[in-house]
Amino acid sequence: MKSTSAIAASAAVACLALLSATPVYAQQHPSSTTKQSTTKAAATTEHCRDLMKQFDAASTSHVSADKLADAKKQAMHGDNMCASNPKEGIEELDAALRKVGATPK
């Protein structure tokens, strides 16, 4: 029969093996939350691109030169922000579209 210290040692080894395997399992099986975050980030990035395309296609013939220059500057800032802070980038692009009389989609 095993002694108490041998059983405790076996249990400790089993616990260590289990704990060391957990990070590997987590890397191999990302949670659905991680997948959702990745999907949401991709959708946000796509929305940024769509807004910039919409700005580029917007009719600006009725907009004054000063207002158009300001809207273009804001759109470029929004486009640049989409890479590092998509939420702010979308807000800037929305505002730029409104300045030229377009409705953001």
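Segment R49..S64, full-extension length gain: 2.9 nm, with 0.36 nm per residue of separation and the alpha-carbon distance subtracted. Put simply, when 42-54, 74-86, 58-70 are sorted by average Cβ atoms within 10 angstrom per residue, most first, you get 74-86, 42-54, 58-70.
Principal axis extents of the C-alpha atoms in segment 31-105 (largest first, rounded to whole Å): 51, 19, 13.
Taking Lys and Arg as +1 and Asp and Glu as -1, the other residues whose beta-carbon sits under 14 Å from that of E88 total -3.
Every number in this text was worked out from the coordinates using simple rules, so none of it is lab data. Treat the numbers as computed from the prediction; the structure is a model and nothing was measured. Cβ atoms come from the backbone with ideal geometry, glycine included; neighbour counts cover every protein chain shown.
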